[in-house]
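Contents: one structure, followed by commentary.
The values are calculated or read from the model by the stated rules, or taken from the named source; none is laboratory data. Please read these numbers as outputs of a predicted model, since none were measured by experiment. Using ideal geometry, Cβ is built from the backbone for each residue, glycine included, and neighbour counts are taken over all protein chains shown. Ligands, DNA and RNA are excluded from the accessible area calculation, which covers all protein heavy atoms including side chains. Shrake-Rupley method; radii C 1.70, N 1.55, O 1.52, S 1.80 Å.
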Amino acid sequence: MFEDIIYDAGPADEPEFLPIISVTDEEEPSQDERYPEALPLIALKNTVLFPGVVIPINVGRSKSFSALQDSFQKHRYIGVLAQKDPKVEDPVQNDLYKIGTVARIIKLLKMPDGSTTAILQGRKRFELNELLTNSAFLMGKISPIEYDTPYDKMQFSALTKSIREKSKRIIELSPNIPMESIMMIKNITNNIFLINFMASNLNISVVDKQRILEDNDLLNKGSMVLEYMDKELQLLEIKDKIESKTRSDIEKQQRDYFLNQQLKTIQEELGQSGPGSDLHDLIKRADKKKWPKNVKEAFDKEVTRLKRINPQMAEYSLTFNYVEFLLDLPWDKVSKDNFDLLKVKEILDRDHYGLEKVKERILEHLAVLKLKGDMKAPILCLVGPPGVGKTSLGKSIARSLRRKFARMSFGGLHDESEIRGHRKTYIGAMPGRILQAIKKAQTSNPVFILDEIDKIGKDFRGDPSSALLEVLDPEQNDSFHDNYLELEYDLSKVLFIATANSMATIQPALRDRMEIIQISGYSTEEKVEIAIKHLIPKQREAHGLKGNQIRISRKVLTKAISLYTRESGVRSLDRVIAAMMRHVAKKVAMEEAKSYTVTVDALKDILGPEKFQPDLYDEVSIPGVAVGLAWTAVGGDILFIETSKNTGKGKLTLTGNLGDVMKESASTALSFLKANADSYGLDSDNFDKTDIHLHVPEGAIPKDGPSAGITMLTAIASSMSEKKVKPYLAMSGEITLRGKVLPVGGIKEKVLAARRAGIKEVILCKDNEKHVQEIKAEYLDGLEFHYVKNMKEVLELALV
């Protein structure tokens with residue numbers, strides 16, 4: 001705020017820095033003070049003199065010196081005007097402002113360097129009427145100017161009080177202004193002088209100061225001063241805030257440096273290593289490591305940069321972590337595969353029952369590797385219901401090949417950075433989980449399970465499934481780019497095995513890059529074998545029992561599977577067997593029995609009441625009921641389709657919580673029968689007079705799909721013709737309006753469900769014959785299959 005310069009009345013030399021002098025007495029001239037009509041004048045180049053204010057000026061021009069000497073010898077009064085352009089050396093009237101201040105010369109001082117300094121006190125404002133010509137110095141006719149009396153004295157008093165408070169705050173924030181100035185301002189009793197004093201000390205241009213000087217309205221003059229003081233205060237507050245923050249940062253850095261130096265000294269005394277030794281250890285490890293040339297160059301570059309960074313800086317730890325990650329990656333390190341194919345097959349068969357397609361594919365890949373020596377690993381995707389052993393199969397494959405095992409779950413993953421990593425410039429940046437797993441495995445050719453790949457999320461943070469396209473493409477993954485690593489990494493030797501419960505939610509482009517292997521649910525017979533070979537030994541060991549302390553027969557296992565589990569896999573069965581083990585372990589521990597045989601009758605005591613009723617066929621003695629085969633997430637099931645008719649207008653009513661596709665199948669079946677009524681011995685007019693109600697029991701369970709098409713058509717035809725459906729017969733197939741039968745899926749589950757329910761004959765589409773041939777022959781005992789191409793064949797076989 002306060003300008004600390006001596007105002008120059010002469011040439012624009014370098015100014016000296018002295019404080020502005022204020023007065024304590026006689027701030028305003030007395031009423032009887034008289035001034036000559038014509039006064040000598042001096043022009044100030046870089047300031048404005050206000051009434052009541054005392055300033056020193058350095059006299060440089062000869063005319064100004066002559067004017068001062070003449071006035072000092074006569075009456076000591078001199079007119080002071082501000083100069084419009086400070087570059088003009090010999091100003092005329094147009095070069096000067098019209099309004100100035102009469103000043104009293106207090107002292108003329110001769111300085112040691114030969115120059116003269118005049119101490120001037122502003123007395124009263126005047127207006128220059130005429131500039132008189134005089135060869136020695138400037139003279140002018142003047143007329144004094146009075147202030148207008150404030151019309152609102154209370155407002156004027158409040159204004160000056162605000163100026164006092166603002167000035168106090170400015171002085172507190174200005175390091176160059178002594179605190180004694182607050183007391184000096186407090187002692188100023190004249191409000192007009194207060195305004196002039198503050199205006200004189202404002203850090204504003206000469207033009208702005210002149211505008212304040214010329215204003216006769218004291219309220220307006222005070223408001224202008226307060227406005228400039230507001231701006232000055234805002235600048236000082238911002239400056240103080242910046243300086244405080246900078247000061248705090250510097251103090252923190254100094255404190256951290258001091259503490260780190262102390263820590264370093266303590267570590268040296270204790271014989272511990274500091275940051276420098278950690279970096280030295282990394283360099284020693286790098287010298288022994290075999291890795292690609294471009295990776296070595298990147299490592300050396302980062303290490304050179306690391307040596308120049310202060311260990312206390314945040315950037316040091318970021319760079320150190322990156323260098324350490326580079327060093328920890330296995331790069332060209334691979335484990336040697338087990339090429340003993342018979343041994344591999346033995347391990348796979350021992351660990352998992354069934355899953356022949358997957359085992360065969362692994363053996364084929366290993367055979368090619370054995371013959372060729374190098375081959376890009378296949379990208380397999382195992383699709384099947386929960387609990388069939390997809391994830392555990394990956395561990396078994398890794399063990400059989402003698403490779404390391406890595407796993408990454410994609411359930412709920414919705415951030416692309418989880419796969420590609422973050423850029424290392426960010427605080428807390430990490431590599432993607434693909435490379436983290438490779439680092440943990442410590443080889444570049446592990447068996448890598450991508451679990452639950454069908455459950456990847458997608459939101460504003462990116463689409464992880466799109467990022468996986470590069471990982472799972474054999475043509476691209478030899479140069480995988482991780483954002484954190486910023487170098488290409490070869491993933492082509494990794495054996496990726498993805499698992500999924502459904503293909504529907506997998507992105508088409510991602511699905512195209514994988515070799516899909518469908519894994520169907522286990523039959524009851526397969527579950528019994530899995531329980532005997534795997535689950536019972538595992539649970540027996542987990543519960544501390546010996547082989548002769550518990551006996552579970554196949555009959556008991558079959559009952560437990562049908563009455564207490566309803567699943568495609570064996571997780572629930574595993575829990576059921578664990579419950580049996582706990583029951584026996586309690587008896588053995590309490591010495592109630594040395595050994596125990598679990599019987600069918602004992603299941604209720606051990607496992608509680610039956611949870612499920614087996615799906616058994618009930619012989620139907622009325623027309624209009626047909627048996628279909630359905631696929632569910634927990635295996636196959638039989639489905640009764642019931643039809644009734646009554647007099648009406650040809651309306652079709654569908655109940656049983658049916659989906660849109662199933663409703664369309666019913667409508668298609670009815671339309672086909674109407675169109676071909678004569679061919680099947682039905683009265684076509686009867687359809688228009690009859691309302692048909694088709695119901696599928698268990699209405700709380702949603703049902704959908706096209707495979708009940710031929711069953712619905714058979715049930716409607718049976719009801720309309722009053723012919724019963726052949727007993728112990730089930731069917732599955734989609735129909736068209738032309739009467740053709742189309743193939744459907746889930747054949748294995750459906751066939752096994754039919755066998756469990758006691759069905760003796762099954763009608764399927766001709767194109768499904770190949771799927772039946774894939775089922776083991778022992779699971780088809782007691783079943784007779786009829787393969788059809790059209791509905792005529794179905795009705796001939798089904799209706800008695």
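Numbers for the structure displayed
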quantity	calculated
Rel. contact order, % - alpha carbon contacts under 8 angstrom, at least six apart, the chain	7
Extension reserve of the residue 779-residue 74 stretch, reckoned as 0.36 nm per residue once the Cα distance is removed	240.1 nm
Among the listed pairs 458/527; 63/107; 372/533; 301/458; 376/440; 293/424, those beyond 28 Å (Cα-Cα)	458/527; 372/533; 301/458
The chain, accessible surface, carbon-and-sulfur percent (1.4 angstrom probe)	51
Hz values of 3J(HN,Hα) by residue in region 625-631 - Karplus curve (6.51, -1.76, 1.60), Gly and Pro given as x	10, 10, 10, x, 10, 10, 9
Accessible area in square angstrom per residue, region 174-252, 1.4 angstrom probe	54
Full-stretch length increase - residue 674, residue 738 - with 0.36 nm per residue and alpha-carbon distance subtracted	21.8 nm
Trypsin sites (Lys or Arg not before Pro) lying in DSSP loop within region 553-594, provided at most 12 other Cβ fall within 10 Å	594
In region 470-571, GluC sites (Glu not before Pro) in a DSSP loop with at most 15 other beta-carbon atoms within 10 Å	475, 486
Highest-first arrangement of 431-442, 46-57, 393-404, where packing means the average Cβ count within 10 Å	46-57, 393-404, 431-442
Relative contact order (percent, whole number), region 532-626, Cα cutoff 8 Å, 6+ residue spacing	37
Overall form of region 101-157 per C-alpha gyration tensor (a/c, 1.5; a/b vs b/c)	oblate
Candidate values (1) 102, 40, 25; (2) 50, 29, 23; (3) 114, 30, 25, label of the one derived for semi-axes √(5λ) of the Cα gyration tensor in Å	(1)
Cα gyration tensor, region 493-578 - rounded (a/c under 1.5), prolate or oblate	prolate
Accessible solvent surface per residue of region 693-792, calculated while the other protein chains remain in place, 1.4 angstrom probe, Å²	43
Loop GluC sites (Glu not before Pro), region 748-800 (other Cβ atoms within 10 Å of the site Cβ: 15 or fewer; DSSP)	774
Surrounding net charge for residue 180, when Lys and Arg each add one and Asp and Glu each subtract one, Cβ distance under 14 Å	+1
Cα gyration tensor category, rounded, prolate or oblate, for region 130-208 with a/c compared to 1.5	oblate
Under 18 Å from residue 594, Cα to Cα: aspartates and glutamates that are on another chain or at least 8 residues apart	541
Summed residue charge, Cβ within 11 Å of residue 567's Cβ, Lys/Arg positive, Asp/Glu negative	+3
Local net charge near residue 595, Cβ-Cβ under 15 Å (Lys/Arg +1, Asp/Glu -1)	+4
Cα centre as origin, Lys/Arg/Asp/Glu Cβ charges: the chain dipole, Debye	3400
Alpha-carbon centroids, region 429-470 and region 175-206: separation in whole Å	71
Note, ³J(HN,Hα) from phi for region 53-66, Karplus 6.51, -1.76, 1.60, rounded to Hz, x at Gly and Pro	8, 9, 9, x, 10, 8, 8, x, 7, 5, 5, 5, 5, 5
Burial order of peptide ranges 177-188, 718-729 (average beta-carbon count within 10 Å, highest first)	718-729, 177-188
Gained length - residue 155 relative to residue 440, 0.36 nm times residue gap less alpha-carbon distance	94.7 nm
Along principal axes, Cα extents of region 540-626, largest first, whole Å	60, 24, 19
Partners for residue 645 among lysines (Cα-Cα distance below 27 Å; same-chain residues under 8 apart left out)	663, 674, 689, 703, 723, 724, 726, 740, 792
